[in-house]
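The values are calculated or read from the model by the stated rules, or taken from the named source; none is laboratory data. Nothing here was measured: the structure is a model prediction, and the numbers come from that model. Reconstructed Cβ throughout: ideal geometry from the backbone, glycine too, with neighbour counts over all protein chains shown. Heads up: the accessible areas ignore ligands, DNA and RNA and are worked out on the full protein's heavy atoms, side chains in. Shrake-Rupley method; radii C 1.70, N 1.55, O 1.52, S 1.80 Å.
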Amino acid sequence: MWRSFLFVPVLEEKFVAKAASRGADAVILDLEASVDESRKDEAREALPEAVKRLASDVDVTVRINAVWAPAFRDLEICVIEGVSAIHLPLCENAEQIQAISALIGELERERGLESGGIGLIAMLESAGAVINANTIAKSSERLIGLTVGVEDFATSMGVSATPEVLRPAVQHVNQVAHAASIASYAVAASMSDFRDLEGLRLAASYARLIGSTGGYAVHPAQVAVLNEIFSPTDDELGWARRVIEAAEA
């Protein structure tokens with residue numbers, strides 16, 4: 001279970017070099033929003049070496065570009081040894097998940113990788129995507145988690161990314177994820193101000209209370225907050241041990 005994902009721009013050497021030491025449970029090597037359109041091919045070329053450098057020290061995941069053609073070009077590069085999961089941005093429906101999953105499976109077979117070894121996380125970034133969350137969550141055995149892309153979701157609603165707007169979407173996605181027995185990494189916090197750690201703490205605490213299991217960070221300072229909030233407390237660990245002991249008795 002991942003408590004924290006840290007976005008790492010794959011073309012920023014200084015960030016890649018320090019990524020494994022930032023404390024995140026997993027890093028996201030980003031081929032999407034942090035890469036200018038003119039440098040997409042350059043980012044794809046840089047990705048395998050970044051995976052090789054990091055995979056022995058931290059779980060490595062990749063955010064690809066949205067469907068279709070850019071996503072397929074990304075998958076040709078990132079379905080490799082050392083990649084644990086792929087994040088699909090702007091996911092709108094189950095058909096997209098099924099197509100991406102099928103291509104990952106084909107590449108796994110061609111390259112002698114473990115079948116189903118690379119997970120898929122759907123990033124729901126519009127009102128329509130959140131409405132479709134139930135069918136998306138049940139679309140593929142490869143799908144291991146859902147999240148809400150809060151900025152784009154709010155834009156699709158024509159409003160700012162405030163807690164009042166984001167919380168209902170996060171709650172819905174959490175319910176859908178748990179019904180499908182997959183993880184939810186949805187936190188009702190805007191990513192626009194990474195310095196607002198107290199705001200992130202409040203949002204992550206609320207998200208955990210309603211079923212989220214982790215969240216995303218765009219800055220290393222956010223990682224410690226997510227790890228703290230989404231770690232079990234001493235009381236929770238004690239309760240779990242007592243349950244196990246009672247069951248064994």
- Item | Meets criteria (within 17 Å of V223 (Cα to Cα) and open to solvent by 30 Å² or more (accessible area, probe 1.4 Å)) for S21 | yes
- Would you check which residues across the stretch 187-200 are in a helix (DSSP H, G or I) and within 17 Å of the chain's Cα centre (by Cα) and list them? L200
- Is it fair to say A179 is over 17 Å from the mean Cα position of the chain (by Cα) and open to solvent by less than 10 Å² (accessible area, probe 1.4 Å)? no
- Query: Going through the stretch 56-91 one residue at a time, which ones are among the charged types (D, E, K, R), out of contact with any helix residue (DSSP H, G or I) (no Cβ under 6 Å at 6 or more places or on another chain) and open to solvent by 10 Å² or more (accessible area, probe 1.4 Å)?
  - Reply: D59, R63, R73, E76, E81
- Say whether the condition of being more than 18 Å from the chain's Cα centre (by Cα), assigned to a helix (DSSP H, G or I) and under 20 Å from E125 (Cβ atoms) is met by at least one residue in the stretch 15-27. no
- Is it the case that the stretch 176-186 has a residue that's closer than 23 Å to G199 by Cβ, assigned to a loop (DSSP other than H, G, I, E, B), modelled with pLDDT of 95 or more and among the small types (G, A, S)? yes
- Query: When the stretch 133-154 is examined, which residues are found to be of a type in the set (S, T, Y) and more than 15 Å from the chain's Cα centre (by Cα)?
  - Reply: T135, S139, S140
- Message: Exactly one condition in (1) in contact with a helix residue (DSSP H, G or I) (Cβ under 9 Å, 6 or more places away or on another chain); (2) of a type in the set (V, I, T); (3) in contact (Cβ under 8 Å) with a residue 24 or more places away in the chain is false for V165; which is it?
- Response: (3)
- Picking from L200, L143, which residue would you name as being more than 23 Å from Q96 (Cβ to Cβ) and crowded, with 17+ Cβ neighbours inside 10 Å? L200
- Message: Of everything in the stretch 217-249, what is hydroxyl-bearing (S, T, Y) and in contact (Cβ under 8 Å) with a residue 24 or more places away in the chain? Give them in sequence order.
- Response: S231
- Among the residues of the stretch 36-55, is there at least one that is part of a helix (DSSP H, G or I), farther than 26 Å from V225 by Cα, open to solvent by 40 Å² or more (accessible area, probe 1.4 Å) and of a type in the set (S, T, Y)? yes
- Query: Quick one: would you say G116 is within 20 Å of M1 (Cβ to Cβ) and either open to solvent by less than 30 Å² (accessible area, probe 1.4 Å) or part of a loop (DSSP other than H, G, I, E, B) (or both)?
  - Reply: yes
- Item | Filter result for F153 (within 22 Å of V8 (Cβ to Cβ) and surrounded by 17 or more Cβ atoms within 10 Å (Cβ to Cβ)) | no
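This table checks each residue for (1) within 27 Å of A50 (Cα to Cα); (2) open to solvent by less than 10 Å² (accessible area, probe 1.4 Å).
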{"position": "N93", "(1), (2)": "no, no"}
{"position": "A102", "(1), (2)": "yes, no"}
{"position": "E106", "(1), (2)": "yes, no"}
{"position": "L124", "(1), (2)": "yes, yes"}
{"position": "A127", "(1), (2)": "no, no"}
{"position": "N132", "(1), (2)": "no, no"}
{"position": "T147", "(1), (2)": "yes, yes"}
